Amino acid sequence: MPRYYSITTSPLIDPTRLSVAFTIVEHTVGDHGLRRRGLCTNWLNKICQPLIGVDASLVAGVKIPIFLRGTQGFHLPDNAQSPMLLIGPGTGVAPFIGFLQHRHHEAKTTNFTYGDSYLFFGCRRKSEDWLFRKQMKEYVANGTLTQLFTAFSRDHDEKHYVQHDLHNNGKLVCDLLLGSDGYVFMCGDGLAMAKDVHAALVQILVANAGLSLQDAEQKLQELGMQHRYVRDIW
């Protein structure tokens, strides 16, 4: 059974190399609380161990069979001036790092004018789980990323998730959703996060645009058919 991972790098940087991000899945099974790790992520983790550390070097003979799978609309907008709303908690942020890397490289080598980009990222703890922290801050500093919103759910007594940041910036989100050329990309967990974020987007349209629940759902459906509301969830 193949596993699918989002690519975190742009082919403009090096068309012969790519990288992915994955979380080592661990869960409890049985009445005795036996801890089990995900089959593929644990295998990848074992392969990566010799490469981690100060003296890390490539290990000859290690090969991982991979293939590329196309996506339905989950790519940068054709119009570089289109604003983007990127929602990616945890490893769901992986493809957006590639998006931003791609735009940053193009900005240095072309005369394109780019639309605004807003990234909503979340994880459990700021000190332990913030993936790509350095890159995110660099993209904000150099203007590739217009604004970064972060939610750390376990750093405070009250849980805080990306959907809370979306609500707190409802007008920004609503204007982008209803604008003629805005794009919303979501990547991550399909069991809870995707449903909660979708519900937040519906509520934002109701609160800020005066739409009914039915009309708000219809609007998101229309955006989905136009590939302007695109989700990569698992």
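Determine whether Thr71 is surrounded by 10 or more Cβ atoms within 10 Å (Cβ to Cβ), modelled with pLDDT of 80 or more and not in a loop (DSSP other than H, G, I, E, B). It is false that Thr71 is surrounded by 10 or more Cβ atoms within 10 Å (Cβ to Cβ), modelled with pLDDT of 80 or more and not in a loop (DSSP other than H, G, I, E, B). Among the numbered conditions (1) in a helix (DSSP H, G or I); (2) modelled with pLDDT of 95 or more, the only one that Ser82 does not meet is (1). Scan the stretch 138-174 for residues that are among the charged types (D, E, K, R) and closer than 22 Å to Thr23 by Cα and the total you get is 3.
Screening the candidates Gly38, Gly33, Gly98, Gly70 for the property of being touching a residue at least 40 places away in the same chain (Cβ under 8 Å) and among the small types (Gly, Ala, Ser) yields one hit, Gly98. Of the helices (runs of 4 or more DSSP H) contained entirely in the stretch 122-213, those carrying at least 1 residues that are in contact with an Asp or Glu (Cβ under 9 Å, 6 or more places away or on another chain) and touching a residue at least 40 places away in the same chain (Cβ under 8 Å) fall at 162-168, 170-178.
Are any of the residues in the stretch 165-186 over 20 Å from Ala94 (Cβ atoms), under 18 Å from the mean Cα position of the chain (by Cα), surrounded by fewer than 16 Cβ atoms within 10 Å (Cβ to Cβ) and basic (Lys, Arg)? For the stretch 165-186, residues over 20 Å from Ala94 (Cβ atoms), under 18 Å from the mean Cα position of the chain (by Cα), surrounded by fewer than 16 Cβ atoms within 10 Å (Cβ to Cβ) and basic (Lys, Arg): absent.
Of the numbered criteria (1) touching a Lys or Arg at 6+ places or on another chain (Cβ under 8 Å); (2) among the small types (Gly, Ala, Ser); (3) farther than 19 Å from Met84 by Cβ, the one Ala192 fails is (1). Residues in the stretch 221-233 that are buried (at least 17 other Cβ atoms within 10 Å of the Cβ) and part of a helix (DSSP H, G or I): Leu223 only.
The values are calculated or read from the model by the stated rules, or taken from the named source; none is laboratory data. Values in this document were obtained by computation on a predicted structure and should not be read as measured data. All Cβ positions, glycine included, derive from the backbone under ideal geometry; neighbour counts span all protein chains shown.
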